[in-house]
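Everything below concerns the one structure shown next.
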Amino acid sequence: MDLVLGIETSCDETAAAVVAADRRILSNVVLSQIDEHRLYGGVVPEIAARAHLDHLDAIIAEAMREAGIGFADLAAVAATGGPGLIGGVLVGATTAKAIALVHGLPFIGINHLEGHALTARLTDGIDFPYLLLLVSGGHCQLLAVEGAGRYRRLGTTIDDAVGEAFDKTAKLLDLGYPGGPALERAAEGGDPARFDLPRPMVGKPGCDFSFSGLKTAVRRRVEELGGALDEKARADLAASFQAAVAASLVDRSGRAIEAFEADHGAGRPFVVAGGVAANRTLRAALAGLAERRGMPFVAPPLGLCTDNAAMIAWAGQEKLALGQVDGLDFRPRPRWPLDPGAAPSIGAGAVKA
Ligand code: KG4
Ligand code: ZN
């Protein structure tokens, strides 16, 4: 039984997990730092790095204990090597290297985005190729996933990432941090048709995204309402925002399906991954698109959409199977695009993954 320990510390979750080569998750421990950052309304990199340093050893010990194994039972240690907040990435990668060195194990540096991208193979066992919509705090991309390490970017955001748009809009609506889940809760029972917000990029050629105009439109509506929102207005604005995001993601993904199927034929899976994929309204809209296009739809369970270490351990398994391990001289990379061949764009390899 090949077991990989995964470590994730690239943003505000300190996480460790043990995953077997046969896709069993033996343990998956996630410690959120929400309370440490709430006062500041967002993630403070220095606080995040210190919190990772304070908690990571205990989280790893818990993951090993839950899995019921010792370090000698591992086949490799994998840690997020970027992209992300460099202080946290250094804590995780250095800890993983130390474990690897002491126990004579291979170390594998994982691209955090690849962790999200390969999660559907962990949860649903799907084969390559598949079309992926990767939606997180720092990224919004459509990718043809042709193999582990083989990604072709079909579209990306030209300004804000979709999670960033959720977080900024939540702030405008006074919903606090973390914004995405708060906005989703606020939208429950809201009227998505009350505010006529723009549908960014809908109908435009290509598969790129843009969300900063939508955020500005929400700000204007808030100003028009005199700045002070009652519960109903807040719920209706949140629901209208989500509806606009859903329309944009569905339109862009629809175009990407055409480009993807021209290369890979019909009927391959359509996968959504990343923290924003935890949003039920968006999942339902994307599931509808997949159904209309005759594609199996795969969305990981909510806890494996947001940041976790099981996805890092699994990506480690994929790399190990390909014999792709790293030396202890591996250097963490604050920016690390999934397909370096694609034209650089503002949204690619942003600081927050
Ligand atoms: O993948 P992730 O956990 O961390 C990054 O790699 O960025 O994604 C975090 C992002 C945040 O912007 C957060 O607000 C958003 O995912 N998010 C959500 C939901 N849960 C998390 N956005 C909308 N609805 C949600 N339920
Ligand atoms: Zn992430």
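The values are calculated or read from the model by the stated rules, or taken from the named source; none is laboratory data. Not measured: the values here are computed from a predicted model. Neighbour counts run over all protein chains shown; Cβ positions are idealised from the backbone, glycine included.
What the table below lists for this structure:
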| item | result |
| --- | --- |
| Residue, surrounded by the most Cβ atoms within 10 Å (Cβ to Cβ), within region 110-140, restricted to residues that are touching a helix residue (DSSP H, G or I) at 6+ places or on another chain (Cβ under 6 Å) and small (Gly, Ala, Ser) | GLY115 |
| Hey, ALA48 more than 16 Å from ligand 1 (Cβ to nearest atom), in contact (Cβ under 8 Å) with a residue 24 or more places away in the chain and touching a Leu at 6+ places or on another chain (Cβ under 9 Å) or not | no |
| Enumerated helices (runs of 4 or more DSSP H) restricted to region 238-322, each holding at least 2 residues that are within 30 Å of GLY109 (Cβ to Cβ), within 16 Å of ligand 2 (Cβ to nearest atom) and in contact (Cβ under 8 Å) with a residue 24 or more places away in the chain | 302-305, 310-321 |
| Residue in region 262-280 that is closer than 18 Å to PHE166 by Cβ and either of a type in the set (D, E, K, R) or away from ligand 1 (no atom under 16 Å from the Cβ) (or both) present | yes |
| Residue that is modelled with the lowest pLDDT [pool: residues in region 328-346 that are of a type in the set (Gly, Ala, Ser) and surrounded by fewer than 12 Cβ atoms within 10 Å (Cβ to Cβ)] | ALA343 |
| Conditions (1) under 16 Å from the mean Cα position of the chain (by Cα); (2) within 10 Å of ligand 1 (Cβ to nearest atom); (3) not in a loop (DSSP other than H, G, I, E, B): number failed by GLY137 | (3) |
| Residue in region 176-190 that is surrounded by the most Cβ atoms within 10 Å (Cβ to Cβ), counting only those that are away from ligand 2 (no atom under 16 Å from the Cβ) and without any contact (Cβ under 8 Å) to a residue 60 or more places away in the chain | LEU183 |
| Some residue of region 211-227 being among the polar types (S, T, N, Q), buried (at least 19 other Cβ atoms within 10 Å of the Cβ) and either under 30 Å from ILE257 (Cβ atoms) or at pLDDT below 95 (or both) | no |
| Where LEU90 falls short, out of the listed (1) over 30 Å from ALA299 (Cβ atoms); (2) at pLDDT below 95 | (2) |
| Given (1) under 23 Å from HIS264 (Cβ atoms); (2) within 10 Å of ligand 1 (Cβ to nearest atom), number of the condition GLY125 does not satisfy | (2) |
| Count - residues of region 72-85 that are more than 16 Å from ligand 2 (Cβ to nearest atom) and either within 16 Å of ILE25 (Cα to Cα) or surrounded by 22 or more Cβ atoms within 10 Å (Cβ to Cβ) (or both) | 5 |
| Only one of GLU164, GLU188 that is more than 16 Å from VAL218 (Cα to Cα) and among the acidic types (Asp, Glu) | GLU188 |
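So that you can scan it fast, the table gives a plain yes or no per residue for (1) among the charged types (D, E, K, R); (2) within 16 Å of ligand 2 (Cβ to nearest atom); (3) in a helix (DSSP H, G or I); (4) within 23 Å of GLU261 (Cα to Cα):
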{"residue": "GLY87", "(1), (2), (3), (4)": "no, no, yes, no"}
{"residue": "ALA98", "(1), (2), (3), (4)": "no, no, yes, no"}
{"residue": "ALA117", "(1), (2), (3), (4)": "no, yes, yes, yes"}
{"residue": "PHE128", "(1), (2), (3), (4)": "no, no, no, yes"}
{"residue": "THR169", "(1), (2), (3), (4)": "no, no, yes, no"}
{"residue": "ASP174", "(1), (2), (3), (4)": "yes, no, no, no"}
